[in-house]
Protein chains: 2
Amino acid sequence: MTVTREPVVAIKSEIDRQDTTRRAKAQDLIRSAILNGYFSTGQKLVERELCKLTGASRSILREALVKLEASGLIERQSYRGYRVATLNVQKVCEIFELRAALETLAAELFTERASPEETAALNQAYSNLEQCITAFDLNRTRAAKQQYYDVLFSGCRNVEIRRALENIIDRIYYLRSRLMQDPNRRMASLEEMRRLTEALIKRDRVAARAASIAHLEAARGAVLLRMAQDEVDSKAKTTSTAI
Amino acid sequence: MTVTREPVVAIKSEIDRQDTTRRAKAQDLIRSAILNGYFSTGQKLVERELCKLTGASRSILREALVKLEASGLIERQSYRGYRVATLNVQKVCEIFELRAALETLAAELFTERASPEETAALNQAYSNLEQCITAFDLNRTRAAKQQYYDVLFSGCRNVEIRRALENIIDRIYYLRSRLMQDPNRRMASLEEMRRLTEALIKRDRVAARAASIAHLEAARGAVLLRMAQDEVDSKAKTTSTAI
DNA sequence: TTGGAGTTTTTTGTATACAATTTTTTATAT
DNA sequence: ATATAAAAAATTGTATACAAAAAACTCCAA
């Protein structure tokens, strides 16, 4: 009797490997469309239109929608279809509370479980991120950030934490993409992550925890500030339209 | 212009209300079948058979499977269908690590945010649980435990934490149902929850955190012990079969 | 104009048929 | 007997057709 053993380090791209099904593609397309603002928050998503957009049939599309619903990016009501989830201040606070718990735990575990190779990889991922940010390359910055967190979550040796975070990550990206447009925030964020990286490499659990919390607190503050500004802007716009 | 406001306390049965679709029913049926051991861990789930079992058509069934996959109860491979997820020691530790982070955070937030009505409800839920356990009523105990956690998660004012936990709750139930058969563990668990309840009602954040962690540590230990015993049993059985 | 009942249209929920892939079986050669 | 390759069966992936519910529209009355 042979026993199948899981690899110690699970890598995401390996988990759902070779899933080139149309469902996966449709899911990604819709996800991108939402994150890039093609669909606005609260907007009704009509299945037939999504079929046209993605080229997929309705059965496939519906499976994709079920999956997207699980990540909280869209919401469903019986016989009334799906809508893009709305994000108010309360919701953002809740998401950050959860994110903080998960990421901070991951950081703490990293200090105890990461291999030397992984701490080196983390250091490199940070350097890469630093270059992207100082070069004002937003697209590469996004990829670099993803890579950094990939290393972090591999090193913490807990696939479930990553899974839980993946279920809110889309909404986090949505928030993050709006933040990265602010140069000040970008530089501040980089500095926060530098401190986090330092603590992680030193395997200083307490410092890592503190750095992670500080980073997320700052990010939350920036998001809320941005939301407040948008609120004011949209009101001013409405007023001018009315005039 | 009217602004729609979310209710402060979101109740689960209200979130997915009136979802009497066949998909929801099929999903529940398969979920129950797995939790009750009708399908064993690792077993292949053939869609056609599930159709017969649930009475649903394949399109509906597949949507249900996508949702169950999101909760980690089943796993999918392209063109190879679904299997009931397997739980090894590593996986159980990961789940408990995540669960601890989420439940402990919920408990801490409860001490700061719960209304007087909610602390009262929690107290009552505990009393109810105590009765069920001392009366050796396993079915009612399960419901009582669910009710207790419903109050806890309502009081912490964070729907996202609950959502994240719901994505692993099925696997937790799976573990819990095996534990509750041990009378000693039942009583110990009750005592742990008594301490947690006390701390929550006193709004003692530090004590609540400690009680929550202690409870989950004990539960994890009991699960691992149980798994080790089962391992020995199954080996003994295999041996005797070979003879 | 407004409000409401009935009808039409649209949209979601469901079932089934077809295509692509995997698994099993069978036949054949070594 | 065993291994291998082709063929058959089973299973998943995909598309489409039908049913039920919701939304939009029409028309008439107050």
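The table for this structure:
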read-out: Nitroxide proxy distance, nm - points 7 Å out along Cα→Cβ at A:LEU224 and B:ARG76; value: 3.8 nm
read-out: Accessible area of B:ARG178 in the full protein assembly, 1.4 Å probe (Å², nearest 10); value: 80 Å²
read-out: Student exercise, the stretch A:21-84 dipole from Lys, Arg, Asp, Glu Cβ charges, in Debye to nearest 20; value: 160 debye
read-out: Chain A, relative contact order in percent, only Cα pairs under 8 angstrom and at least six apart counted; value: 22 percent
read-out: Surrounding net charge for A:ALA188, when Lys and Arg each add one and Asp and Glu each subtract one, Cβ distance under 12 Å; value: 0
read-out: Chain A: most fluctuating residue of A:ALA114, A:ALA199, A:ALA228 per GNM, C-alpha cutoff 10 Å; value: A:ALA228
read-out: Prolate/oblate/rounded call for chain A, Cα gyration tensor, a/c under 1.5 rounded; value: oblate
read-out: Separation between Cα centres of the stretch B:144-220 and the stretch B:18-95, rounded to whole Å; value: 25 Å
read-out: Estimated [θ] at 222 nm from DSSP helical runs (n ≥ 4, -39500 (n - 2.57)) normalised by residues in chain B, nearest 500; value: -25000 deg cm²/dmol
read-out: Anisotropy class of the stretch A:127-243 from Cα gyration tensor, a/c 1.5 cut; value: prolate
read-out: Residue with peak Gaussian network fluctuation, chain A [Cα springs, cutoff 10 Å], from A:LEU109, A:LEU179, A:LEU53; value: A:LEU53
read-out: Three-way shape label, the stretch B:20-84, alpha-carbon gyration tensor, a/c 1.5; value: rounded
read-out: Residue (of A:GLY37, A:PRO116, A:ASN139) at the positive-pole extreme of chain A, dipole from beta-carbon charges; value: A:GLY37
read-out: Contact surface B-A: accessible area buried, both sides summed, square angstrom, 1.4 angstrom probe; value: 3400 Å²
read-out: Computed FRET value (nearest 0.05) for A:ALA236 with B:THR86, which takes r as the C-beta separation and R₀ as 56 Å; value: 0.50
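The values are calculated or read from the model by the stated rules, or taken from the named source; none is laboratory data. Computed from a predicted model, the values in this text were never measured in an experiment. Backbone-built Cβ (ideal geometry, glycine too); neighbour counts: all protein chains shown. The accessibility values were calculated without ligands, DNA or RNA, using every heavy atom of the protein model including side chains. Shrake-Rupley method; radii C 1.70, N 1.55, O 1.52, S 1.80 Å.
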